[in-house]
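The structure under discussion appears below in the form of structure tokens.
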Amino acid sequence: MRPELKGRDVIRGFRDFIMRGSVVDLAIAVVIGTAFTAVVNTFVSAIIKPLINAFPGASVNGWGFHLRGGKLSQPTFIDIASIINAIIVFALTAAVVYFLVVVPMTRVQEMRARGATPEPEAVPEDILLLRQIRDALGARPIDGTAGPTPQHPNA
């Protein structure tokens, strides 16, 4: 085989792999998921987080607390609102993925399973021949007489 044909086969195989439906669908899902996560994160940061920060009262830093250091160190702020923000973003993203992707795909798979009837498998010719031989041997008489007689029940 010529080397350039082998390279073409590799490129053709790669092209077929990339154009396979599941790979394209996965790429689209990643792009849409990333964009959707940005939308949810912006919504929660712009609307929900300010509401959470308003619970303890008006403060510049939001809902959290300071850890005081020594005289020379700056206090560290523990931002509880950001943790709640991340949990809300995760929960909203998971809910949308579940209700817009998982539930519809499960229904589609159930519908396909109900409509699909398994076709009987074709029996290979050698198996058919072996079955005929088995049946012919089972029909032989046990006492050695000629002719097809029923097989002995104790055999």
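For ASP143, state whether it is modelled with pLDDT of 80 or more and among the acidic types (Asp, Glu). Talk me through it step by step, then tell me what you get.
Values: modelled with pLDDT of 80 or more: no; among the acidic types (Asp, Glu): yes.
So ASP143 does not fit the description; no.
Conditions first: (1) modelled with pLDDT under 75; (2) part of a helix (DSSP H, G or I); (3) not hydroxyl-bearing (Ser, Thr, Tyr). GLY62 passes all but one, so which condition is the exception?
It is condition (2) that GLY62 fails.
Check off (1) modelled with pLDDT under 80; (2) over 24 Å from the mean Cα position of the chain (by Cα); (3) on the phi < 0 side of the Ramachandran plot for VAL101 and give me the number that stays unchecked.
Only one criterion is unmet by VAL101, namely (2).
Being surrounded by 12 or more Cβ atoms within 10 Å (Cβ to Cβ), among the hydrophobic types (A, V, I, L, M, F, W, C) and modelled with pLDDT of 75 or more narrows it down to one of ALA46, ALA91, ALA35, ALA95, so name that one.
Selected residue: ALA91, the only one of ALA46, ALA91, ALA35, ALA95 that is surrounded by 12 or more Cβ atoms within 10 Å (Cβ to Cβ), among the hydrophobic types (A, V, I, L, M, F, W, C) and modelled with pLDDT of 75 or more.
The values are calculated or read from the model by the stated rules, or taken from the named source; none is laboratory data. Bear in mind that the values here come from a model prediction, so they are computed numbers and not experimental data. All Cβ positions, even for glycine, are placed from backbone atoms using ideal geometry, and neighbour counts span all protein chains on display.
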